[in-house]
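The values are calculated or read from the model by the stated rules, or taken from the named source; none is laboratory data. In this text, all values refer to a predicted model and were calculated from it rather than measured experimentally. Cβ atoms come from the backbone with ideal geometry, glycine included; neighbour counts cover every protein chain shown. For accessibility, only protein heavy atoms count, side chains too; no ligands or nucleic acids. Shrake-Rupley method; radii C 1.70, N 1.55, O 1.52, S 1.80 Å.
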Amino acid sequence: MGIRTCARENAAFAELLKHYEDPSIHLRECRAAGVRVVGKIGYGVCDELILAAGMESAAVRPGGAGHPLADEYLEYAFTEKGKYLFDAVAGGDRDRCPELVAFSDSEDLANRLYYYLRELKRSEPGRPVPELTLVDWLFSRHMTYQGWNEKALRRFAGRLESWSGQPVTDEALTEAIALYGRQYRAVSAILSQRTAKAPRLTGCEALVVLGAKDCMDKRRYAELVEKLALDVPSWPEAGGVKLFFSGSVQQDLGVYEPVEAAGFVICGEDHDAGTRAFERPIRTDLEPYAALVDSYMLRSPSAAKGLVKERTQALTESVEHTGAACVLFYNDAYDEAASWDHPSQRAALTAQGIPYAECVKRAYPPVTDGGFRETLQLLKNRAGGEYHG
Amino acid sequence: MAETASKAVKKLKATAEASRYQKEWFKGLRARVEAGEPFVYANADAPMEIMRAMDIPFVINQWWAAICGAKQMTGKYYGLLRDAGYRDDLCSYCATALAESFDPDDRTAGPWGGLPSPTIALTRLTCDCQGKIFELFARRHGADLYTLENSVPRKLPLNWWELDQNDWEELYDPDRLDLAVEELRAFIRYLEVKTGRIFDINRLRDVMHRINEQEGWYTKTRDLIAQARPAPVTVVDTINAVMQAQWHRGTQWAADHARGLYEEVRALAEEPDRAPDPRREYRLMWLGRGLWHDFAFYQNFEEKYNARFVWSMYLAMGADAYIRNHIDADPLRALAARYIGMEDFLHCPPWNAQWFLKEAKTNGIDGVVYMVPENCMQAVEGSSFICRTLENAGVPVLKFRADPVDARKWNRENMTLLVERFIEQRVIGGK
């Protein structure tokens, strides 16, 4: 499994994959064209507002050789991914992180990174820390916070205007939302092939399709996924035991690849780099800011912001929707919030007769050692499949 | 881990009185709950003044965890948590009461007869785990879960303690205050419906005035300790005396107790025949949460070095963070301006670092011992910035990892050696 030949040989997918594997291409292209780019950390930084301000967006991703700055400035309780992100932003490498960065407090990690980087910029102005801002989302599902969130997005729009020197007009925002609508329809069509009884998309392929949006020009992305939506139905069936992945954000294939190599096909996930971004369309019948709040705030509950009851219900519904035969809980060390969900979720899965395995306190970069492979084998045995690892 | 090897020696009557009152009060609480009255279990940064004004009894999560830690119960509780399928190495400070809820013998073996089942579990969402922990706790007790959100400060004042008492509209982003007031109104409406009790804004005014009176005494006490040489008391007394009375803030008992604390400390400071240790006194600051399971640790360094922990945040917070003047015009907004800032000044740099520096200077601090929890994202607070701020000002800092309530990971002997080395090399050696 993983990324198959049919995908690699598809021109649209190959272009998506190229950008997914090397996000610096997008940053360099934008720089050459004089287009300002807003780096994104967290999952509530609205592309639509950034586009409406005449800029491009790019996810800042963990990676690199190490995180010496984080070792100096961050406490133990930060995840390894968080530490890599800190160095990506504070290190001044513009091929990894642009000169403008927006955070969303969609999870504690992003919020705390914002605090620290803001303070680093203030207290040590000589460091090459980019311009920073935070979209202060509040994700409790009450009307009070919908109002707050609309105001937070308007503040963010104001900040974007100051960065780009261009007003965020309702017309431009409506146009950006329409572009998202194209992406949404095409990606939904592609993902329907993933959840079909005979899936024609692997988890790795899906992750590339979803993640490439944050690594390339958004108009080009729409064109590519529209083309791909026509091709995927003719791809061969992706065989394997259908597995639902629940846990830490995966912005590369480091975990999905070994899981699928073991004979699973990841048919869905609940982390922020997965299908959540395309769960809920942005309504075109609402005032644009209200529509953005509706889409971003009311997606399925994330591990960071959802309550246990909500998360348990969401998981069982997702397993049913995707037709998963088993669930893998996978959490990085210090990415702990989901651990409070697990006992309730395990009980619900047991009641459904769905086997699961739990991998917590995982290292990053991922260590897919014998213990991990053994866990996968046991899960596969319980799910009734043959082990391929 | 070694369980507590010895007990801390407390010398103030105010400390003993706080403990005595607390136990009596808790007996009364149990009786009220058993008689069918509502009872709220709340996180420490929640606006408890609303419950005070409505005469709804409440217990504070962190303070209860401190009691469980001091009673050496946490090892048992985290074991029960693990047996119930949860991890036992997460969020110990906030999850102690949840863990306790799995104890079938809580009524007979729990601290003070165990925690009665609350009607409502109330928390602010200040980290990704807090809401889930309170939700699970509420479920265990059949209680409602009520959550309040936490917005992020956009302003970065370097002197919040000079603004918060009178100029909170300048200190905080106004929309954050607006939101908090809206949340308070919704919470009050919920409490009225849930409990059948009516909220009276005039009672809230009275509560707020009594809190100002109480915290005013803490200001005087803090300032007195800052000036007195040698220090008349240490944190072993002040933490207990203040933390327990803060639980009761808004009552006349708490205000009177704070005055009694001040008068007792002043009497000690003015004792003409105080026989000060002929050696130089080294004044230490304790940064971080209280070391609830081993309070005697604080006194380990007095005999050998005459090094004494004279400062903790508990007294200083009362002095600098709680008073709100001019509350009559809009007591709800004044209350909002108290509780939304707690996360800001405790866990957001530079709010916290600059305050610690100011306190270190005014208290004549010779060295800082800084306990950073290792399994708590909420307490991720820019410790490196805090250390740099203090060190750059010439105040040496020892930073180490430990858990405030989980005694299983604590090694008194190793930690004593660590602090002794710090005192010898950086505090005494640096002079």
What accessible area, in Å² to the nearest ten, does a 1.4 Å probe give for B:F345? 10
Probe 1.4 Å, all chains present, heavy atoms only: A:S164 accessible area in Å², nearest 10, is 40
Interface residues in region A:312-350 - accessible area drops by 10 Å² or more relative to the isolated chain, probe 1.4 Å: A:Y334, A:E336, A:A337, A:S339, A:W340, A:P343, A:S344, A:R346
Mind ranking A:R200, B:R124 by accessible surface for me, highest first, 1.4 Å probe? A:R200, B:R124
Solvent-free Debye scattering, log10 I(q)/I(0), computed from the Cα coordinates of region B:108-206 at q = 0.18, 0.22, 0.25 Å⁻¹: -1.06, -1.19, -1.27
So what is the diffusion coefficient of region B:13-428 in µm² per second by Stokes-Einstein at 10 °C and 1.306 mPa s, using a Kirkwood Rh over Cα pairs? 72
Cross-link list A:K81/A:K305; B:K13/B:K431; A:K242/B:K76; A:K309/A:K361; B:K304/B:K361; A:K83/B:K76: which exceed 29 angstrom alpha carbon to alpha carbon? B:K13/B:K431; A:K242/B:K76; A:K83/B:K76
Candidate residues B:Y77, A:Y76, A:Y84: accessible-area rank, largest first, probe 1.4 Å: A:Y76, A:Y84, B:Y77
In µm²/s, what is D for the protein assembly as shown at 10 °C and 1.306 mPa s, where D = kT/(6 pi eta Rh) by Stokes-Einstein and Rh is the Kirkwood radius from Cα pairs? 56
For B:132-138, mean number of other protein chain Cβ atoms within 10 Å: 5
Comparing each residue of region A:144-167 in the complete protein assembly with the chain by itself (heavy atoms, probe 1.4 Å, ligands and nucleic acids ignored), those losing at least 20 Å² of accessible area are A:T144, A:Y145, A:W148, A:R155
Summarise the accessible area of region B:13-428 (1.4 Å probe, protein heavy atoms) by the percent that is carbon and sulfur. 49
With all protein chains present, region A:148-242 has a carbon and sulfur share of its accessible area (1.4 Å probe) in percent of 50
Could you compute Rg(Cα) / (2.2 N^0.38 Å) for region A:282-389, with N its residue count? 1.29
Dipole of region A:25-170, positive end: most advanced residue of A:V89, A:S104, A:G165 [Cβ charges, Cα centre]: A:G165
Considering every residue in B:140-150, what mean count of other chain Cβ atoms within 10 Å of its Cβ is obtained? 2
Per residue, accessible area of region A:25-170 with a 1.4 Å probe, heavy atoms of protein chains only, in Å², comes to 33
At 7 Å along the Cα-to-beta-carbon direction for both A:K227 and B:R266, put a label point, then send me their distance in nm to one decimal. 8.3
Would you jot down the residues in region B:53-87 that end up with at least 20 Å² less accessible area in the complete protein assembly than in the chain alone, with a 1.4 Å probe? B:G85, B:Y86, B:R87
Relative contact order of chain B: what whole-number percent is it, with Cα pairs under 8 angstrom and at least 6 residues apart? 22
So, with +1 on the Cβ of K and R and -1 on the Cβ of D and E, and no other charges, what is the size of the charge dipole of region A:25-170 about its Cα centre, to the nearest 20 debye? 180
Of A:Y334, B:Y41, which has the most accessible area with a 1.4 Å probe, and how do the rest follow in descending order? A:Y334, B:Y41
With +1 on the Cβ of every Lys and Arg and -1 on the Cβ of every Asp and Glu, and nothing else charged, how large is the dipole of chain B about its Cα centre, in debye rounded to the nearest 20? 840
Can you give the accessible area of B:E34 in Å² (nearest 10), computed on protein heavy atoms with a 1.4 Å probe? 130
For A:68-79, mean number of other protein chain Cβ atoms within 10 Å: 4
Pairs of Cα atoms under 8 Å, at least six residues apart: use those to get the relative contact order of region A:25-170, whole percent. 26
With unit charges on the beta carbons (Lys and Arg positive, Asp and Glu negative) and the dipole taken about the Cα centre of region A:206-317, which residue among A:T312, A:G240, A:Y289 sits farthest to the positive side? A:Y289
Cα-Cα pairs in region A:113-217 separated by more than 25 Å, as a whole percent of all pairs, come to 49
Per residue, what accessible area does region A:231-389 have, given a 1.4 Å probe and all protein chains present, in Å²? 36
Let me have the 222 nm mean residue ellipticity of the protein assembly as shown computed from DSSP H runs of 4+ only, each contributing -39500 (n - 2.57), with the sum over all residues rounded to the nearest 500. -15500 deg cm²/dmol
Rounded accessible area per residue of chain B, 1.4 Å, Å²: 35
Pairwise burial A:B, computed as accessible area of each alone minus the pair, summed, 1.4 Å, Å²: 4400
Report, to the nearest whole %, how much of the accessible area of region A:89-134 belongs to carbon and sulfur atoms, 1.4 Å probe, protein only. 43
The size of the Cβ-based charge dipole (Lys, Arg +1; Asp, Glu -1) of region A:198-383 about the Cα centre, to the nearest 20 debye, is 220
Below 8 Å, C-alpha to C-alpha, sequence gap of six or more: please give me the relative contact order for region B:329-431 in percent. 27
